[in-house]
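The structure appears below as structure tokens.
Where a number appears in this text, it was derived from the coordinates with a stated rule and is not lab data. Quantities reported herein were computed from a predicted structural model and do not represent experimental measurements. Don't worry about glycine lacking a Cβ; one is built from the backbone with ideal geometry, like all the others, and counts go over all protein chains shown.
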Amino acid sequence: MYEYFNIVKDFITIPDNSSIVEIASGHGLLYKNVISKSNISKYTGIEPNKLFINKFWDNVGQDNRVTIVNSTYEESRELFDNVDIVICAGLAYHLPYPTHLVEYLANTKVKELYFESFGELDSDVFNFDYKHWGSCSYTDEELNIVGNRQVGSRLTLPIAITTNINIYPHWFKMLGYKLDKYENINDTFSSKSQVCIMKFIKQ
Ligand SMILES: C[S@@+](CC[C@H](N)C(=O)[O-])C[C@H]1O[C@@H](n2cnc3c(N)ncnc32)[C@H](O)[C@@H]1O
């Protein structure tokens, strides 16, 4: 097994009988090497690519705890109701608007969230003043969003786009999620070099 999965297995804590949703379940490697080792009650993978879903079943085999939904996370809101843990790995850096993913995850109101993406979190990220972050612009520090965005009762972010992983803890914090811990994972898996996994808890 890749060292990557050993690190992630130690990082992710799954209490007995937890229900899990994994966004972008891909080839099933996270399920096979990490999630399936816990005594879960139910696992739902959300994956838009049918070829990846076939690969998932090749890798995982028969497992009656597993359901794979052939869809995007955007189209799967109802799957997040009453779920204990949401896991999302390797997706944010593919998205044109990663802020949307963060808003979406926060609006599920799930209690525990594991989020893995490309990059290396700064050691002082807990103390970083996001208002001085250079790579994104905030339209309104008080979260009173102006312009033509539809906000309604949803939690939203006043940010257009950025890809720097160090901003994610601040985005989640603005929407009521605390960074509990994180781990940088370097050079352990060819397609997974320099990634970071973070755990967020709903406040
Ligand atoms: C780099 S792969 C990561 C797969 C797996 N999570 C991993 O870490 O190895 C990116 C995955 O995101 C999926 N994906 C892309 N857009 C998505 C969306 N809107 N909702 C859910 N999954 C999406 C792709 O189909 C693909 O499986």
Averaged over all viewing directions, the convex hull of the alpha carbons in region 1-75 casts a projected area in nm² of 4.9 nm²
Of the listed pairs LYS32/LYS192; LYS55/LYS181; LYS50/LYS199; LYS32/LYS111, those with alpha carbons more than 27 Å apart are LYS55/LYS181; LYS50/LYS199
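Hey, can you rank 27-38, 53-64 by average C-beta count inside 10 Å, highest first?
Per-residue Cβ counts within 10 Å, averaged per peptide and sorted highest first, yield 27-38, 53-64.
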By the mean-Cβ-within-10 Å protection proxy, highest first, 104-110, 117-123 rank as 104-110, 117-123
